[in-house]
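Peer 1: Supplied in structure tokens, the structure appears directly below.
The values are calculated or read from the model by the stated rules, or taken from the named source; none is laboratory data. Note that this is a predicted model, so its numbers are computed, not measured. All Cβ positions, even for glycine, are placed from backbone atoms using ideal geometry, and neighbour counts span all protein chains on display.
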Amino acid sequence: MYMPQSHTQKFASYNAARYAYAIDLLSSAVNQSSHDAMTCCEGWTVSDVIEHAEVVLAMVNNIDTETQGSQEREKAGDLIKELRVEIETHYTKDTLSKKVISPFGEMTVDEFLGIIWVDTFTHAWDIADASGVEHGIPSAMAVEALQIMQPKSDSMRGPGRFSAPYQTNSDDPVEQFIAFSGRKSVRSK
């Protein structure tokens, strides 16, 4: 298992623990990033990816509430820092069992977290790759992401989503997931 037991014990479900772990990866990448570096996402800088990731994170953070609030923050990355600290108390058993309408249809908050963490995880890679820093993504986490996303392949492709997959000969699970997501490293030749 890639998440330490001390981490998973802080959360009411495996999905909440995994989502928090993805936020940790994203936070680490953002803290080391070069905000003006170009990412593999066509025309997007690291700052653009951070802003996009924070829009998704805000939506996830508010998925179980009646009103969708948004606060202005001073700079890109502030929401990620806040969530990293607050997430341990946000997802209780009651919250996780609540039915919500998500971008993937009606499901519990826990089921939603079991899918949406892949977005956060992917953007952590985007930012790390563009900035030339270690992404820190465990191989087992990449295997889980691939297993979750492969059955959804057709519905996840298109503008504003994943591009067509790339072929890879790599045995590395992270590289396999990144190729599946339609991404290529800006560092590859």
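Peer 1: Would it be correct to say that SER34 is polar (S, T, N, Q), surrounded by fewer than 17 Cβ atoms within 10 Å (Cβ to Cβ), touching a residue at least 60 places away in the same chain (Cβ under 8 Å) and not in a strand (DSSP E or B)?
Peer 2: Yes, satisfied.
Peer 1: For the stretch 4-31, which residues satisfy the criterion of being free of Cβ contacts under 8 Å to residues at least 60 places away in the same chain, farther than 22 Å from SER97 by Cα and crowded, with 17+ Cβ neighbours inside 10 Å?
Peer 2: SER27
Peer 1: Being over 20 Å from ALA22 (Cβ atoms), of a type in the set (A, V, I, L, M) and touching a Gly at 6+ places or on another chain (Cβ under 9 Å), is that true of even one residue in the stretch 155-165?
Peer 2: Yes - at least one qualifying residue is present in the stretch 155-165.
Peer 1: Can you tell me which condition ALA130 does not meet? The list is (1) part of a helix (DSSP H, G or I); (2) within 19 Å of VAL56 (Cα to Cα); (3) out of contact with any His (no Cβ under 8 Å at 6 or more places or on another chain), and all the others hold.
Peer 2: (2)
Peer 1: Got a sec? Which of ILE178, ILE127, ILE116 is among the β-branched types (Val, Ile, Thr) and closer than 22 Å to LYS10 by Cβ?
Peer 2: After applying the criteria, what remains is ILE116.
Peer 1: Which ones in the stretch 37-50 are part of a helix (DSSP H, G or I), of a type outside the set (Gly, Ala, Ser) and touching a residue at least 12 places away in the same chain (Cβ under 8 Å)?
Peer 2: Within the stretch 37-50, VAL46, VAL49, ILE50 qualify.
Peer 1: Check the stretch 60-78 and report whether any residue there is crowded, with 19+ Cβ neighbours inside 10 Å, under 17 Å from ALA29 (Cα atoms) and at pLDDT 90 or above.
Peer 2: Scanning the stretch 60-78 turns up no residue that is crowded, with 19+ Cβ neighbours inside 10 Å, under 17 Å from ALA29 (Cα atoms) and at pLDDT 90 or above.
Peer 1: For the list (1) more than 30 Å from ALA12 (Cβ to Cβ); (2) modelled with pLDDT of 95 or more, I need the number of the one condition that GLN167 fails.
Peer 2: (2)
Peer 1: Right, here's the next one. So, of the residues in the stretch 1-31 that are assigned to a loop (DSSP other than H, G, I, E, B) and aromatic (Phe, Trp, Tyr), which turns out to be farthest from TYR91 (Cα to Cα)?
Peer 2: So, considering only residues that are assigned to a loop (DSSP other than H, G, I, E, B) and aromatic (Phe, Trp, Tyr), the one farthest from TYR91 (Cα to Cα) is TYR2.
Peer 1: Is there a residue in the stretch 141-162 that is more than 21 Å from LEU57 (Cβ to Cβ), outside any helix (DSSP H, G or I) and acidic (Asp, Glu)?
Peer 2: no
Peer 1: Across the stretch 79-127, what is the number of residues that are over 29 Å from PHE180 (Cα atoms) and either touching a Gly at 6+ places or on another chain (Cβ under 8 Å) or assigned to a loop (DSSP other than H, G, I, E, B) (or both)?
Peer 2: Residues in the stretch 79-127 being over 29 Å from PHE180 (Cα atoms) and either touching a Gly at 6+ places or on another chain (Cβ under 8 Å) or assigned to a loop (DSSP other than H, G, I, E, B) (or both): 3 in total.
Peer 1: Right, here's the next one. Just to be sure, is VAL55 without any contact (Cβ under 8 Å) to a residue 12 or more places away in the chain, surrounded by fewer than 16 Cβ atoms within 10 Å (Cβ to Cβ) and under 25 Å from PHE162 (Cα atoms)?
Peer 2: Spelling it out, VAL55 is indeed without any contact (Cβ under 8 Å) to a residue 12 or more places away in the chain, surrounded by fewer than 16 Cβ atoms within 10 Å (Cβ to Cβ) and under 25 Å from PHE162 (Cα atoms).
Peer 1: Can you tell me which residue within the stretch 160-178, out of those that are among the small types (Gly, Ala, Ser) and at negative phi, is farthest from the chain's Cα centre (by Cα)?
Peer 2: In this case the residue turns out to be SER170.
Peer 1: Quick check: is even one residue across the stretch 140-148 free of Cβ contacts under 8 Å to residues at least 24 places away in the same chain and more than 14 Å from the chain's Cα centre (by Cα)?
Peer 2: Yes, the stretch 140-148 has at least one match.
Peer 1: Confirm whether ILE115 is over 26 Å from SER188 (Cβ atoms) and loosely packed, with under 15 Cβ neighbours inside 10 Å.
Peer 2: no
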